[in-house]
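Asker: What follows is a single structure, and I will ask about it in a moment.
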Amino acid sequence: MTELASASPLRWFRRQILPILANLRLAILLLLLIATTSAIGTVIEQHESLDFYQANYPEDPALLGFLSWKVILGVGLNDVYKTWWFLSLLVLFGSSLAACTFTRQLPALKAARNWTFYRKPRQFKKLALAGSLPIGEDDTANPSPNLDQVQESLEQRRYQVFRDGDSLYARKGLIGRIAPIVVHASMLLILGGAIVGSVTGVVAQEMIPSGETVQVTNFVEAGDWSSPDRFRGWSLKVNRFWIDYTPSGAIDQFYSDLSVIDETGQERDRKTIYVNEPLRYNGVVFYQTDWSIASINIRLNNSPVFQLPMEPLDTGGNGRIWGTWIPTKPDLSEGVSLLARDLQGTALIYDNSGELVASLRVGDAIEINGITLSLLEMTGATGLQIKSDPGIPLVYLGFALLMVSTALSYASHSQIWVLQQENTLYLGGRTNRAQVSFEREFLEWVAQIEPQTSNEAIAPSVAA
């Protein structure tokens, strides 16, 4: 009685829930919902501040009449890919794929692996391609085909042949039946990787001046089940940061020579990274994403070297400019502003009234406000995105299997039946794709086993 009670929920799940999950319309609906919400996450800016959403999505007037910052934050459209409802869509879609695999694809593969022999001529009428050949008495000039010859000819064409008495069954391309299962498995891996990455992934951003060593602390995204253990026990050092420019002065590429330093000060890994060429260490990936001017080194007359920080200025979208203020009197009552656009070594000097006084290159000095101002060095900073995503291997494996399944899907599952009865040899076959190619192969095979019968004579016997 206990076994019956425990089996009832499982039986109810198989009979009631699995058919619903395996429904093709449900899978298509879920896929459309995932695509739509992903598009929304692409259009609406993600992970911005509250002030940003209030400024760009006001309540009056609301975008499209309803989309305001309150709706965006309330529904989670500011972080679509980590909301409970988006992850639920992924889980439900994955469940639908798994249900379809176990209720349809695997039974179909099992059925394709089984072979059946045709014992009656009328069974050939249901085949897409069928015909018959007369069998006469053998003679030297015109030998009649027999099952031994038929089996040999099919084996030469790489068919797997099974025989039982006067009946024969042959097949090839069974691997093509595996392709749909591999597709479902690959999609499940991709969905699983996306979910794992969403709940356990960590993203950090750091702007590190050249020559500095820092620990990663500026985390901008972290999954609910994420752990910072991957970021402990080591530091990141920027040995050097530099930019290559084109002859016209535009940025060609920027580079960062990075080292991973352990707690004892030993270098564990080192690589020069640039855009699309990251450094990978202990499951953490360092991407080159941005740059900045961190500071300048100056000398006033014969003073010690001063290092002054450079800050980005608001240009209203007209390029990037960094600036700093340099005092020229000990009481800070007078000074000049220094502005720079890049690390090519040229800076502009403005006085207190905003008038351009001079331009200055690294290594040069000018007289201003009664002192000698020397520009010794401009230090750049590299902008890094530091990411840990344990789901990435699953996603890559899923896409690899998806490519494999694409190749497998080109294999046609072809089947041929043969029955020898009295003075007639009945032939028939079918395939799941490439019908024209299979018909051509079938006729060539018939011509091989019955050379004196032309294709034109056999063709009328072929019934579609």
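Asker: Checking Phe286 against (1) out of contact with any Pro (no Cβ under 6 Å at 6 or more places or on another chain); (2) surrounded by 17 or more Cβ atoms within 10 Å (Cβ to Cβ); (3) not hydroxyl-bearing (Ser, Thr, Tyr), only one condition comes out false. Which one?
Answerer: It fails just one condition, (1).
Asker: Follow-up. Go over the candidates Ile34, Ile28, Ile17 one by one and state the one that is surrounded by 11 or more Cβ atoms within 10 Å (Cβ to Cβ), more than 29 Å from the chain's Cα centre (by Cα), within 25 Å of Ile190 (Cβ to Cβ) and not acidic (Asp, Glu).
Answerer: Exactly one residue qualifies, and that residue is Ile17.
Asker: Could you please let me know if Glu263 is in the same structural domain as Asn352 (by TED's automatic domain parsing), in contact with a strand residue (DSSP E or B) (Cβ under 9 Å, 6 or more places away or on another chain) and either among the charged types (D, E, K, R) or modelled with pLDDT of 95 or more (or both)?
Answerer: Against the criterion (in the same structural domain as Asn352 (by TED's automatic domain parsing), in contact with a strand residue (DSSP E or B) (Cβ under 9 Å, 6 or more places away or on another chain) and either among the charged types (D, E, K, R) or modelled with pLDDT of 95 or more (or both)), Glu263 does not qualify.
Asker: Quick one: which of Lys70, Lys82 is among the basic types (Lys, Arg), more than 30 Å from Glu422 (Cβ to Cβ) and modelled with pLDDT of 90 or more?
Answerer: Working: Lys82 fails: modelled with pLDDT of 90 or more.
After applying the criteria, what remains is Lys70.
Asker: Among the residues in the range 363-384, are any within 30 Å of Leu191 (Cα to Cα) and not hydrophobic (A, V, I, L, M, F, W, C)?
Answerer: Scanning the range 363-384, I find no residue that is within 30 Å of Leu191 (Cα to Cα) and not hydrophobic (A, V, I, L, M, F, W, C), so the answer is no.
Asker: Return the residues of the range 197-233 that are among the β-branched types (Val, Ile, Thr), under 17 Å from Pro393 (Cβ atoms) and not in a strand (DSSP E or B); say none if nothing qualifies.
Answerer: Matches in the range 197-233: Val199, Thr200.
Asker: For Trp225, state whether it is within 23 Å of the chain's Cα centre (by Cα), assigned by TED's automatic domain parsing to the domain that holds Arg280 and more than 30 Å from Gln415 (Cα to Cα). Break it down into steps so the answer makes sense when it comes.
Answerer: Values: within 23 Å of the chain's Cα centre (by Cα): yes; assigned by TED's automatic domain parsing to the domain that holds Arg280: yes; more than 30 Å from Gln415 (Cα to Cα): yes.
Answer is yes for this residue.
Asker: Oh, and also: Which ones in the range 403-429 are over 15 Å from Ser132 (Cα atoms) and surrounded by 14 or more Cβ atoms within 10 Å (Cβ to Cβ)?
Answerer: Val404, Ser405, Leu408, Ser409, Ala411, Ser412, His413, Ser414, Gln415
Asker: Looking only at the range 320-350, count every residue that is over 30 Å from Pro247 (Cα atoms) and modelled with pLDDT under 90 and tell me the total.
Answerer: 7
Asker: Contact list please: Cβ distance under 7 Å, first residue in the range 442-457 and at pLDDT 85 or above, second residue charged (D, E, K, R), pairs at least six apart or on different chains.
Answerer: Cβ pairs passing all conditions: Trp445/Arg157.
Asker: Now a separate question. Please identify the pairs in which a residue from the range 35-62 that is part of a helix (DSSP H, G or I) has its Cβ atom under 7 Å from the Cβ atom of a residue that is β-branched (Val, Ile, Thr) and surrounded by 14 or more Cβ atoms within 10 Å (Cβ to Cβ), counting only partners at least 6 apart or on another chain.
Answerer: Note: pairs meeting the criteria are Thr37/Val80; Ile40/Val80; Gly41/Val80; Tyr53/Ile72.
Asker: Could you tell me which numbered condition Arg163 fails, if it satisfies all but one of (1) in contact (Cβ under 8 Å) with a residue 24 or more places away in the chain; (2) assigned by TED's automatic domain parsing to the domain that holds Phe442?
Answerer: Evaluating Arg163 over (1) in contact (Cβ under 8 Å) with a residue 24 or more places away in the chain; (2) assigned by TED's automatic domain parsing to the domain that holds Phe442 leaves (1) as the failure.
Asker: Counting just the residues of the range 286-309 that are assigned to a loop (DSSP other than H, G, I, E, B) and in contact (Cβ under 8 Å) with a residue 60 or more places away in the chain, which one comes out farthest from Thr382 (Cα to Cα)? Walk me through how you get there before you give the answer.
Answerer: As a first pass, look at the range 286-309 and keep what is assigned to a loop (DSSP other than H, G, I, E, B): 301-305.
In the following step, the residues that additionally are in contact (Cβ under 8 Å) with a residue 60 or more places away in the chain were identified as 301, 305.
Numbers: Asn301: 31, Val305: 23 Å.
Top of the filtered list is Asn301.
The values are calculated or read from the model by the stated rules, or taken from the named source; none is laboratory data. Nothing here was measured: the structure is a model prediction, and the numbers come from that model. Every residue, glycine among them, receives a Cβ derived from its backbone with ideal geometry; neighbour counts consider all protein chains shown.
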